[in-house]
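Structure record follows, encoded as structure tokens.
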Amino acid sequence: MTAYVLDSIAVIAYLLKEKQGLKVKSILENARATGDRPCLSMINLGEIYYIVGRRYGMDKAEEIVAVIDQLPIEIVEADRDAVLLAAKIKAKYPISYADCFTVGLGIMRSAKIVTADPDFVRVEKLVQVEWL
């Protein structure tokens, strides 16, 4: 069993049925079959919401969040430990603050990050990355 943390780009690619979303589809199908659930930081859920809202409007953003709520994805709250770990990562690596929560969750869960975001090359010594 491999634990996964989904980056916002991975989830958006899956939901918009982009080619890069095929790996995410496979992960989610496996999760339904095994009961294992990939996770997504609550911060990245917010990132998905604003990205979709900007591109397609707020009604679509609301729709996307409702769909995510039905998927076998664990939404992980950002507690004090998660916030401080993300801040520590941000202090050392030039990646977005939201991405730092993905990396931090990967560290805390000993999980692979699933993404197509090239910024994650900068943190491959901290976490394993499964590229879309």
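The values are calculated or read from the model by the stated rules, or taken from the named source; none is laboratory data. Just so you know, these numbers come straight off a predicted model, no measurement behind them. Counting neighbours? That spans all protein chains shown, and the Cβs are built from the backbone with ideal geometry, glycine included.
Here are some notes:
- Selection count where residues are small (Gly, Ala, Ser) and either touching a strand residue (DSSP E or B) at 6+ places or on another chain (Cβ under 6 Å) or not in a loop (DSSP other than H, G, I, E, B) (or both), scope segment 89-122: 5
- Residue among Val83, Val11, Val24 that is surrounded by fewer than 17 Cβ atoms within 10 Å (Cβ to Cβ) and either at pLDDT 95 or above or of a type in the set (Lys, Arg) (or both): Val83
- Taken residue by residue, segment 92-111 has at least one member that is without any contact (Cβ under 8 Å) to a residue 40 or more places away in the chain and among the basic types (Lys, Arg).
- Residue match in segment 87-95 (condition: touching an Asp or Glu at 6+ places or on another chain (Cβ under 7 Å) and either closer than 12 Å to Ser8 by Cα or modelled with pLDDT under 95 (or both)): no
Okay, residues lined up against (1) touching a residue at least 12 places away in the same chain (Cβ under 8 Å); (2) more than 18 Å from Tyr97 (Cβ to Cβ):
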site	(1), (2)
Ile27	yes, yes
Asp36	yes, yes
Leu40	yes, no
Leu45	yes, no
Ile51	yes, no
Lys60	no, yes
Ile73	yes, yes
Val76	yes, no
Asp79	no, no
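- So Met108, is it surrounded by fewer than 20 Cβ atoms within 10 Å (Cβ to Cβ) and in contact with a Leu (Cβ under 8 Å, 6 or more places away or on another chain): yes
- Of all residues in segment 32-53, those satisfying the criterion of being within 29 Å of Leu84 (Cβ to Cβ) and assigned to a helix (DSSP H, G or I) are Met42, Ile43, Asn44, Leu45, Gly46, Glu47, Ile48, Tyr49, Tyr50, Ile51, Val52, Gly53.
- Residue within segment 9-22 that is assigned to a loop (DSSP other than H, G, I, E, B), out of contact with any Cys (no Cβ under 9 Å at 6 or more places or on another chain), under 18 Å from Ser110 (Cα atoms) and of a type outside the set (A, V, I, L, M, F, W, C) present: no
- Filter result for Leu16 (at pLDDT below 95 and either under 13 Å from Ile73 (Cα atoms) or not polar (S, T, N, Q) (or both)): yes
- Residue tally, condition charged (D, E, K, R) and farther than 20 Å from Lys23 by Cα, over segment 110-132: 2
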